[in-house]
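Here the structure is laid out as structure tokens; the discussion comes afterwards.
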Amino acid sequence: MRKKELLYEGKAKRIWKTDDENLLIAEFKDDLTAFDAQKKSEAKGKGALNCQISANLFKLLEENGIPTHFVECISENEMVVKKADMIMIEVVVRNIATGSLTKRLGIPDGTKLPFALVEFYYKNDELHDPLINDEHALILNLAQSESELEELKRLGREINVILKSFFDKANLNLVDFKVEFGRDKDGKIVLADEISPDSCRFWDKSSGQKLDKDLFRHDLGDIKVAYEEVLRRITEVMGV
Ligand code: ADP
Ligand code: UDP
């Protein structure tokens, strides 16, 4: 399989076409952005760490029955993925209140939620990814039907159950995370994009220490050290 022209360059990845029309290459970049890309930086090696973390988590989820776009890693910061027609919804699942939830609803930071909360955000940089409900999603044609939205919620909750129990073994609390889905060539909904400390929040269960992009958002420490630690714990629990 050969890498061909650049299809899309986003904030954290470059997406390349290949000579197979059903496959793409996702190249993870070292760039770091936060707060609608108003805050920018770079961390050498971050792309490779996120690529390896995502690959391991996609494998874990596939083994547990979640269809994903992941095919294989071809370098330390590049993976082959199945091309998907992306659903422009960011599905956020939360176990503990923090970030925008505490700001929006006044729930104290660190409050354990009584059940996993699933939220939809419209993936649209110009509109700053607003929170939307099911009816907004249907009016915007982001999903084909109410049952497709229900499937996104079901998949979000299932992914949460699998990841929460996995990270528990790594002595990490999975606080919240964002996932994106797409439709594959057969119209099946698959988990796409990435799952990494850029898109999840992890708090060490013993010390409460943050091991995710909040370190960069709020200038709390070195993200490289934290992401390395997340990858180390993942590989330890997976036994690879
Ligand atoms: P952003 O677009 O938010 O800046 P990235 O830099 O991560 O984000 O860019 C990756 C882009 O590739 C995103 O728009 C994402 O929706 C898209 N994408 C992820 N996985 C796939 C896939 N399997 N097929 C097609 N597009 C994908
Ligand atoms: N998130 C993300 N991309 C976004 C917005 C949020 O990956 O564009 C992730 C974020 O890392 C966190 C979860 O989604 O794990 C919930 O984020 P929140 O809504 O609290 O947003 P923030 O506090 O970053 O504004």
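The values are calculated or read from the model by the stated rules, or taken from the named source; none is laboratory data. Just so you know, these numbers come straight off a predicted model, no measurement behind them. When we count neighbours, we look across all protein chains shown, and the Cβ atoms used for this are built from the backbone with ideal geometry, even at glycine. SASA here: full protein model, heavy atoms, side chains in, ligands and nucleic acids out. Shrake-Rupley method; radii C 1.70, N 1.55, O 1.52, S 1.80 Å.
Could you grab me the full set of residues in the stretch 72-87 that are in contact with a strand residue (DSSP E or B) (Cβ under 8 Å, 6 or more places away or on another chain), open to solvent by 50 Å² or more (accessible area, probe 1.4 Å) and farther than 29 Å from residue 141 by Cα?
Initial filter on the stretch 72-87 (in contact with a strand residue (DSSP E or B) (Cβ under 8 Å, 6 or more places away or on another chain)): 72-74, 77-87.
Adding the requirement that they be open to solvent by 50 Å² or more (accessible area, probe 1.4 Å) leaves 72-74, 82-83, 85-86.
Hits for the stretch 72-87 are 72, 73, 74.
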Original post:
Using beta carbons and a limit of 6 Å, which pairs, at least six apart or on different chains, have the first residue in the stretch 107-125 and more than 27 Å from residue 204 (Cα to Cα) and open to solvent by 50 Å² or more (accessible area, probe 1.4 Å) and the second one within 11 Å of ligand 2 (Cβ to nearest atom) and not aliphatic (A, V, I, L, M)?
Top reply: 123/90
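Tell me, which strands (runs of 3 or more DSSP E) wholly within the stretch 1-90 include 1 or more residues that are at pLDDT 95 or above and within 16 Å of residue 197 (Cβ to Cβ)? Working first, answer last.
Numbers: elements: 3-9, 13-18, 23-28, 31-34, 39-42, 70-75, 78-82.
Correct list: 13-18, 23-28, 31-34, 39-42.
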Original post:
Under 6 Å by Cβ, and 6 or more places apart or on different chains, what pairs join a residue from the stretch 207-222 that is without any contact (Cβ under 8 Å) to a residue 12 or more places away in the chain with one that is within 14 Å of ligand 2 (Cβ to nearest atom)?
Top reply: 215/223; 215/226; 221/215
Original post:
Can you name the number of the only condition in (1) open to solvent by 20 Å² or more (accessible area, probe 1.4 Å); (2) of a type outside the set (Ser, Thr, Tyr); (3) in contact with a His (Cβ under 6 Å, 6 or more places away or on another chain) that residue 192 fails?
Top reply: (1)
**OP:** Can you tell me which residue among 135, 90, 148 is open to solvent by less than 80 Å² (accessible area, probe 1.4 Å) and away from ligand 1 (no atom under 16 Å from the Cβ)?
**Re:** 148
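Would you say residue 66 is within 16 Å of ligand 1 (Cβ to nearest atom) and among the β-branched types (Val, Ile, Thr)? Spell out the reasoning first.
On the way: within 16 Å of ligand 1 (Cβ to nearest atom): yes; among the β-branched types (Val, Ile, Thr): yes.
Against the criterion (within 16 Å of ligand 1 (Cβ to nearest atom) and among the β-branched types (Val, Ile, Thr)), residue 66 qualifies.
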Original post:
How do the pairs read when you match residues in the stretch 178-199 that are over 15 Å from residue 57 (Cα atoms) with residues anywhere that are open to solvent by 20 Å² or more (accessible area, probe 1.4 Å) and part of a strand (DSSP E or B), using Cβ under 7 Å and keeping only pairs 6 or more apart or on different chains?
Top reply: 182/85; 182/86; 183/85; 184/82; 189/183
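Taking residue 199, is it of a type in the set (Ser, Thr, Tyr), within 15 Å of ligand 2 (Cβ to nearest atom) and either open to solvent by 20 Å² or more (accessible area, probe 1.4 Å) or under 22 Å from residue 47 (Cα atoms) (or both)?
Working: of a type in the set (Ser, Thr, Tyr): yes; within 15 Å of ligand 2 (Cβ to nearest atom): yes; either open to solvent by 20 Å² or more (accessible area, probe 1.4 Å) or under 22 Å from residue 47 (Cα atoms) (or both): yes.
Taking the combined requirement at face value, the residue satisfies it.
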Original post:
All but one of (1) crowded, with 22+ Cβ neighbours inside 10 Å; (2) under 18 Å from residue 110 (Cα atoms); (3) among the aromatic types (Phe, Trp, Tyr) hold for residue 181; which doesn't?
Top reply: (2)
